[in-house]
Amino acid sequence: MVHPDRMCRRRVLSLIIIYPNSVRNIIDSRCRSSMMTTPVHLLFWAKTDRKNPDSEWIRPLWSHLIDVAVVAEVLWDRVLPPSLRHDIAHGIGCSEDQARSFLCFMAGMHDIGKAIPSFQHLHVPSRDRLQTAGLTFPKKLLTKSRDAIRVHHAHATYALLRHWESRRSPRSGPIFENLAFLLGLHHSKAVTLSSSRDRTEDRHGGPDSWGKAQLDLIDCIVDILDPYIPGGTETKEWQPWTYLFIGLVTYADWLASIDDGDDRFPLYDGEDLHAYLPVAREHAASLIERLYIDRVADIVSRDFGDIFVDPEGRPFIPNPFQRSVIDLTNGHAADDQLLTIIEAPTGGGKTEAALYLALTRQSKRKGRGIYLAMPTQATSNGLFTRFEQALSRGHRAGSFVNALLVHGHSNLDPRQEDLVRRISLLGRMEAIMEDDERPDMSSEGAVVATASWFLPKKRALLAPYGIGTIDQTLLAVLQSRFFFLRLLGLADKTIVFDEVHAYDTYMLTLLCRLVQWLRAIGSDVIILSATLPGPTKQRLIEAWAGTTATIDGNEACYPAVTLASGNDVVMHELPRHATRTVHLRFPDHDPAHRNIVERALDAWRAGCAVAIVCNTVDRSIDVFRALLDAAGATTSNADSLSMFILHSRMTHSMREQKEDVILRRFGKDYDGERRGIVVGTQILEQSLDIDFDVMFSDIAPIDLVIQRAGRIHRHSHRQRPSGYEQPNLHIVMPPRDSAKPSFTSVAAVYDELIMRRTWDLLRTIDSFDSPGDIRTLIGRVYDDVVDDLDSGMAKALARHEASTAVSRQMARKVLIDDPHHAASIMEGLPLLDDENIENRIRASTRLADNSIRVLCLHADDDGNWFLDPALRRPFNAELLTTTTGIREALENEAPISKRAVVHALLDMMRDEQDGDVRYWKTLTEGCPALGYLTPLVFDDLVWEAGDGSCTVGFDAVIGLEID
């Protein structure tokens, strides 16, 4: 039987949850009347009313500490991987139950540093109550003097806990101090351990009158939670899991700090604080369930044909290559962490093999999920539907699979919006129907949907399943804000990296560090590439193994799968697809582009699907305009002639529309008229499942040439136009008989040494066989050959080595340390420490010229702004009051990296007297979604720099043209 007092208390708590604003005044009056009898340490505040921060209402600090501790308990039980729980217990030197008790207590104590004058004085009503209770505030704080000592509360936590721990007997070991120090990072504000030790408790805690209240508060929480605290002889310090501990703290803090409706923790005004603990635990458990935090659907063991089917629903039978990959990896036990490198030509089914392998490995290991890391947003979008279907068919029918698209514009993708709507429908069904009343969804597979709490990018990797850009994963090893939360999100998953050959030295250095951490946190890694250079492969394997590794097997074989388990690395040859010969043609380089344009139009007239791949945006625009001129066409009728251009310097809506048209028109399942020409940049070579009858391409590194060739005659079932029955690749490059080749006009974006070696190779061949020649071709360019170099090649080699060293050094500056040197975090994270460094520099996942993202706007004669050139859709404050309006505005976002334009725009934004700048800042002040953008306002489709140094033209078909 429930005690009457407890029943009454529950009713009051339910009223508080349902009618918080109505009950607050009652609570406030009771608080004032009982303030003189309330212990001082219970008067500290942690949270105020977000909508009315100056009101009397607060969430007491003691209850917030309990809230976070109990959320951490639920996360430990339901979310943390078993392997991680084991590693933590082993690292501390105690049982898993003891480790749970200790870590969740420490997580709760994350905000004890708020019990200091420099924080408590920020809420005037609380400051008055504390003064009435006998605590004094330094005068410099009250007078807002610049000389006042202001310590961030996260850093004060270390000092207060260390002071409290020094009074214990027996003393704790170093693990307590280390975790107390790490608590200061939960807001991504880093300091060094030595500087934290140097700061005295008085400097953090304020006048002597505060010391007893601070210690009393810690004693109070200890009394309620009764935690296990390890002794000095039971500790092993600074292992990789300590970084994930910071992620756990932030995860629990964010969940416990939700301030909306039923998700808000109840207020408690009873005298027996112990009675709040079961209430908080019950709320934490229900919160985790309501937000779908703990939902990891059951992966069922299924055949390949159950996961992948054709449009008519017929099962796909794995080809010999895919069957070999499956059989070879199935031989590894669940306890084996596995690095799998699959090398095979494009179009051979690598993606399906990797997806199936990821599902089976996660099923066998009882892992936490899968993330597909793609090179670009376009490739992520292109694979999204296939990923969703594989998840649905790979999980128990009727179960819920929490998955999302993760990149800078994923919030604008209608498929992502649909997944969010599905979760709302699922929630309503669960709320109103009993289990036996729900419709049978077994024939439809699992329900793939997105729990909205995971939508912000900082939380996205915490969701079990995701597909997005590789950048989202690389942020887990950069000194960027909340990197530790991303690390936690990647733990115990299978991470698939596609198109790895496309990454430069800088990105490869980041990827190797990430591979080190993925092994340390219990994840499997699958790497896919059609053209992986040997040195790159060796670096990735050694990053995984942690030492120099020797590959057992024939390293010259191709296709191949390499399996690294522990320090054992074995390479297996895979069955080859049917050999095909790619014929090479070398049109003379023509600055006016007549040679390739005329040949492309000849193929187009013959009914061909034609691709023209350029190495730069400007060159693609020039070629497209030359194409239109030669065809007697204009941008207004280009689409009707099936002539398209695709590059990065377009607004999001432009690029999305063109990607959709190109993927449908030249994709695998399209059976209609395919005649057309696509002019594009490197976007066309990366993971897009598109097929052309003939291709024209600027010269590029040999691995990228092979990649581009993989988009010619990709789908073997097609009937090719007469005269184009064989795959032909026309390569624009310096003449093959040139004594001193120059790559300035066609390939300046690539490394000169690699281009010289590629050119030397292409001079000697007129065709190549795939897959038979691929390994040899790549080896001839990328293997270290330094003998008999001519002077030009020797100079290129010197520049290459210098450039490589600089790129690696720049990468190391932004990286966190490797897991074997986790203790380096005690010396701080230099980029997080320096508040003058912009976060975009900390989060530099790609090494490129300084670039900015702009919002393209159009002005009328009166200076009003619009989203469209026709001046029909106003851009104003009213538009930004709704989520729909903000999304509509973000469709006009575009990147610009041209140095002159970037500098002109940055100079403009620094001019506080500029009317457009003032108006922009006024509009976006309350809209952080647009705050990182720079306005690019066109007048009659032209923007001109203030000093006249450059102009940008806006064309709805071509994109942004820079002069």
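Key figures for this structure:
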| item | result |
| --- | --- |
| Cross-chain or 6+ apart pairs with Cβ under 7 Å, the stretch 162-174 first and over 16 Å from Asp216 (Cβ atoms), then modelled with pLDDT under 85 and open to solvent by 70 Å² or more (accessible area, probe 1.4 Å) | Gly173/Thr233; Pro174/Glu237 |
| Filter pass, Thr536 being modelled with pLDDT of 95 or more and not in a strand (DSSP E or B) | no |
| Residue count for the stretch 735-767, restricted to those that are in contact with a strand residue (DSSP E or B) (Cβ under 6 Å, 6 or more places away or on another chain) and either of a type in the set (Asp, Glu) or open to solvent by 30 Å² or more (accessible area, probe 1.4 Å) (or both) | 2 |
| Flag for His713 being touching a residue at least 60 places away in the same chain (Cβ under 8 Å), surrounded by fewer than 23 Cβ atoms within 10 Å (Cβ to Cβ) and either over 30 Å from Leu867 (Cα atoms) or assigned by the TED database to the domain that holds Ala633 (or both) | yes |
| Any hit, the stretch 818-834, residues being of a type outside the set (A, V, I, L, M, F, W, C), surrounded by fewer than 19 Cβ atoms within 10 Å (Cβ to Cβ), at pLDDT 90 or above and outside the structural domain of Pro240 (by the TED database) | yes |
| Residues being open to solvent by 10 Å² or more (accessible area, probe 1.4 Å) and touching a residue at least 60 places away in the same chain (Cβ under 8 Å) - total across the stretch 330-344 | 3 |
| Filter result for the condition that a residue is closer than 30 Å to Asp552 by Cβ, surrounded by fewer than 15 Cβ atoms within 10 Å (Cβ to Cβ) and not aromatic (Phe, Trp, Tyr), over Thr579, Thr634 | Thr579 |
| Scan of the stretch 674-713 for residues that are among the acidic types (Asp, Glu) and out of contact with any Ser or Thr (no Cβ under 8 Å at 6 or more places or on another chain), ordered by number | Glu685, Asp689, Asp691, Asp693, Asp698 |
| Search result, residues across the stretch 665-692 that are closer than 17 Å to Gly347 by Cα and modelled with pLDDT of 90 or more | Phe666, Ile690, Asp691, Phe692 |
| Restricting the stretch 479-509 to residues that are part of a helix (DSSP H, G or I), of a type outside the set (A, V, I, L, M, F, W, C) and farther than 14 Å from Leu372 by Cα, the residue that is modelled with the lowest pLDDT | His501 |
| Condition broken by Thr776, with the remaining ones in (1) surrounded by fewer than 19 Cβ atoms within 10 Å (Cβ to Cβ); (2) in contact with a strand residue (DSSP E or B) (Cβ under 8 Å, 6 or more places away or on another chain); (3) among the hydroxyl-bearing types (Ser, Thr, Tyr) satisfied | (2) |
| Residue in the stretch 379-395 that is most open to solvent (accessible area, probe 1.4 Å), counting only those that are among the polar types (S, T, N, Q) and within 18 Å of Arg422 (Cα to Cα) | Gln389 |
| Identity of the residue in the stretch 558-574, open to solvent by 10 Å² or more (accessible area, probe 1.4 Å) and in contact with a strand residue (DSSP E or B) (Cβ under 9 Å, 6 or more places away or on another chain), that ends up farthest from Val515 (Cα to Cα) | Glu573 |
| Count - residues of the stretch 596-631 that are in a loop (DSSP other than H, G, I, E, B) and open to solvent by 40 Å² or more (accessible area, probe 1.4 Å) | 2 |
| Qualifying residue in the stretch 170-189 (condition: of a type in the set (Asp, Glu), within 20 Å of Leu75 (Cα to Cα) and modelled with pLDDT of 70 or more) | no |
| Long-range neighbours under 8 Å by Cβ, at least six apart or interchain, first residue free of Cβ contacts under 8 Å to residues at least 40 places away in the same chain within the stretch 615-633, second in a loop (DSSP other than H, G, I, E, B) and surrounded by fewer than 23 Cβ atoms within 10 Å (Cβ to Cβ) | Ala626/Ala592; Leu628/Thr634; Leu628/Thr635; Leu628/Ala638 |
| Residue in the stretch 784-794 that is among the polar types (S, T, N, Q) and at pLDDT below 85 present | yes |
| Test: Pro587 is modelled with pLDDT under 95, within 27 Å of Ile774 (Cα to Cα) and assigned to a loop (DSSP other than H, G, I, E, B) | yes |
| Ala549 being open to solvent by 20 Å² or more (accessible area, probe 1.4 Å), of a type outside the set (Ser, Thr, Tyr) and in a loop (DSSP other than H, G, I, E, B) | no |
| Test: residue in the stretch 643-651 that is buried (at least 23 other Cβ atoms within 10 Å of the Cβ), closer than 30 Å to Leu855 by Cα, assigned by the TED database to the domain that holds Arg605 and touching a Phe, Trp or Tyr at 6+ places or on another chain (Cβ under 6 Å) | yes |
| The stretch 859-890: number of residues that are part of a loop (DSSP other than H, G, I, E, B), crowded, with 17+ Cβ neighbours inside 10 Å and not aliphatic (A, V, I, L, M) | 1 |
| Residue count for the stretch 355-378, restricted to those that are assigned to a helix (DSSP H, G or I) and farther than 28 Å from Glu656 by Cα | 10 |
| Long-range neighbours under 9 Å by Cβ, at least six apart or interchain, first residue more than 19 Å from Glu888 (Cα to Cα) within the stretch 917-930, second at pLDDT 85 or above and in a helix (DSSP H, G or I) | Val917/Met908; Val917/Met909; Val917/Arg910 |
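The values are calculated or read from the model by the stated rules, or taken from the named source; none is laboratory data. This one's a predicted model, so the numbers in the text were calculated from it and none came from an experiment. Note: ideal-geometry Cβ built from the backbone for every residue, glycine included; neighbour counts use all protein chains shown. Just the protein is used for accessible areas: all its heavy atoms, side chains included, with ligands, DNA and RNA removed. Shrake-Rupley method; radii C 1.70, N 1.55, O 1.52, S 1.80 Å.
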